[in-house]
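K.L.:
Please see the structure below; I have some questions.
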Amino acid sequence: MSAKSAIKTVVAATPEDPERGEGRLFRWVALLTGSKNALKGVGFFLGAVLLTAIGFQAAVAVLAGALLLAFFGTLGLPSDLGRMKRKPSFSALLSKSRGINVLSLARFFLFGARDVWFVVALPVFLEGALGWRFWEVGGFMGLWVIGYGIVQAGAPSLRHAWGQASPPGVAAVRFWSAVLTAIPALIAIALWRQVGQPGLAVVVGLAVFGVVFAMNSSIHSYMILAYTDAESVSLNVGFYYMANAGGRLVGTLLSGALFLRGGLEACLLVSALMVAAAWGVSCCLPPPRGVAVPPAGVAG
């Protein structure tokens, strides 16, 4: 959260060419969030290696040492980076920007839609229903997160390759969430109707889900900075990630409960409903200041 807030300060918009400055901001936000998520995937592999080689307690000690090194690295940062000039009251923590409030609610549903199948249901399904070994489950989930991070980091280049040179706007948020809605529903139908091999349906379907979800997440991460100004960026990004964490909490709780009731199919159907809710909420987004509104019919 702090690093993403700093991006808004460091990569300021160019006064004489705002669109170019916004494009640079989108590239850096995508690179930061994508590389962060790719490293999460690496963590799946490192965790498996540490557990196998030295056990749980020693592995936790190694992780604590790594965090200590990261702490020392932050000591060289400017002391005022991301710091607000005045301490806000509790009531001020709720954003007064309609765009940030609506985007945060969409983020709540978006990340709930991922974790409702990813956190509990998927690893249990792969091990229990398909007979995958632990290293295979961890390997698949690690590769999924790494691939998700790579696509997220490359989102600006992908958009440029598709002829979208300008920064994303509200239409892009709606378009990618609409595309994502269909994917978990189709996987659930394939499992329910027993179309082909269930393992193939899950692996291929969730790989496609990861690509489209990465585009959604990258555009969301840019839009939250497009809606806020440098003065209140830490507060607004914090509010946005509070909604993100709330969605992940709800998704995690539902993942276990729904899997017990209806298996992975139920989790995927609820995932589709939550993405549809994110799309519905995004229809209320206002255009951010300083970002050109694309012509009608352009997805962005």
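The values are calculated or read from the model by the stated rules, or taken from the named source; none is laboratory data. All values reported here derive from a predicted model rather than from experimental measurement. Here the Cβ positions follow ideal geometry from the backbone for every residue, glycine too, while neighbour counts run over all protein chains shown.
K.L.:
Of the residues in the stretch 161-174, how many are at pLDDT 90 or above and either under 16 Å from the mean Cα position of the chain (by Cα) or more than 19 Å from V102 (Cα to Cα) (or both)?
P.N.:
Number satisfying all stated conditions: 3.
K.L.:
I'd like the full set of residues that are in contact (Cβ under 8 Å) with a residue 60 or more places away in the chain and among the hydrophobic types (A, V, I, L, M, F, W, C), limited to the stretch 133-162.
P.N.:
Listed by number, the residues that qualify are F134, W135, F140, M141, L143, W144, V145, I146, I150, V151, A153, A155.
K.L.:
Please count how many residues of the stretch 157-176 are surrounded by 22 or more Cβ atoms within 10 Å (Cβ to Cβ) and under 21 Å from V204 (Cβ atoms).
P.N.:
Number of matching residues: 1.
K.L.:
Kindly evaluate G131 against the criterion of being on the phi > 0 side of the Ramachandran plot, at pLDDT 85 or above and not in a helix (DSSP H, G or I).
P.N.:
yes
K.L.:
Looking at the stretch 207-234, which of the residues that are surrounded by fewer than 22 Cβ atoms within 10 Å (Cβ to Cβ) and under 17 Å from the mean Cα position of the chain (by Cα) is nearest to V119 (Cα to Cα)?
P.N.:
Ranking the qualifying residues of the stretch 207-234, first place goes to A207.
K.L.:
Continuing with this model, one more query. Does the stretch 161-178 hold any residues that are of a type in the set (S, T, N, Q) and not in a loop (DSSP other than H, G, I, E, B), and which are they?
P.N.:
Of everything in the stretch 161-178, just one residue is of a type in the set (S, T, N, Q) and not in a loop (DSSP other than H, G, I, E, B), namely S177.
K.L.:
Picking from A48, A30, A12, A66, which residue would you name as being of a type in the set (A, V, I, L, M), surrounded by fewer than 13 Cβ atoms within 10 Å (Cβ to Cβ) and at pLDDT below 80?
P.N.:
Exactly one residue qualifies, and that residue is A12.
K.L.:
Considering every residue within the stretch 83-101, establish whether at least one is part of a helix (DSSP H, G or I), closer than 22 Å to A185 by Cα and either in contact with a Leu (Cβ under 9 Å, 6 or more places away or on another chain) or modelled with pLDDT under 85 (or both).
P.N.:
Among the residues of the stretch 83-101, not one is part of a helix (DSSP H, G or I), closer than 22 Å to A185 by Cα and either in contact with a Leu (Cβ under 9 Å, 6 or more places away or on another chain) or modelled with pLDDT under 85 (or both), which makes the answer no.
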